1. What order do 121, 131 take when sorted by accessible area (1.4 Å probe), most exposed first?
2. What's the extension gain from residue 58 to residue 99 if we count 0.36 nm per residue and subtract their Cα-Cα distance?
3. How high is the relative contact order of the chain, given as a whole-number percent (alpha carbon pairs under 8 Å, six or more residues apart)?
4. Against the longest alpha carbon principal axis of the chain, how many degrees, from 0 to 90 and to the nearest 10, is the axis of helix 98-128 turned?
5. Tell me, rounded to the nearest percent, the portion of alpha carbon pairs in the chain spaced more than 26 Å apart.
6. Once the Cα atoms of helix 70-93 and of the chain are each reduced to a long axis, what angle between those two axes, in degrees from 0 to 90 to the nearest 10, is obtained?
7. How would 84, 76 line up by accessible area, probe 1.4 Å, largest first?
8. Counting only the backbone N, which residues of the range 135-158 are under 16 Å from the spot 7 Å out from the Cα of residue 37 toward its beta-carbon?
Amino acid sequence: MFDYLQNYLSTVHISALLILLGIVLGTLLVIYAVTVIAWWKIFKKAGQDGWKSIIPFYNGHIVYKICWKPAFFWLMLVLAVAGMVMTGYIFLSGVSGGFETIIYIIGCAFLLLALYIDVLHSFKLSKAFGHGTGFAIGLVFLPTIFGLILAFGKSQYIGITENATNTSGTID
């Protein structure tokens, strides 16, 4: 009798976990679809073809092109991958010592630099659509929601706004 109860509980636990997994994956799929729709609209507002928002890596290149320089996307991507490889290898291998610690610290520095570039990109994107610092912070912490605001709100694409000089000779 005890074996029957144990097998039944195992089956219930597995079923519950599969249902939970289905709910999580379904939710993530909906969020992904909404995000793609938002970026499609943002690309259209910025004068780009909407289909470019669907292609991985190329969409990042285009987003950085919309508000900054695409080279920074590739730099951020290389730094992030190198940082993950360096820190992950040291963490997973379990080795420790002077050289490994230096590699781990360099990997962490690469990851922090990639994060800095990505946050700076959010500020540039906010400015490219005429918003300020508060909106940029929203893009950093709630990118899907603020992407929807960019896409379906009254935001207009004004372009890359580097430190341009106005007619009075002062920096904007």
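The values are calculated or read from the model by the stated rules, or taken from the named source; none is laboratory data. Owing to the predicted nature of the structure, the values given are computational and were not obtained by experimental measurement. Heads up, the Cβs are rebuilt from the backbone with ideal geometry, glycines too, and the neighbour counts pull from every protein chain shown. Remember, those area values only see protein heavy atoms, side chains included, never the ligands or the DNA or RNA. Shrake-Rupley method; radii C 1.70, N 1.55, O 1.52, S 1.80 Å.
1. Values: 121 15, 131 60 Å².
My answer, sorted largest first, is 131, 121.
2. Computed gain between residue 58 and residue 99 is 11.2 nm.
3. On the way: 160 pairs, mean separation 37.3, N = 172.
That works out to 22 percent.
4. For 98-128 against the chain, the angle is about 50 degrees.
5. On the way: 7401 of 14706 pairs.
Roughly 50 percent, rounded to a whole number.
6. That works out to roughly 30 degrees.
7. 84, 76
8. It comes to 144-153, nothing else.
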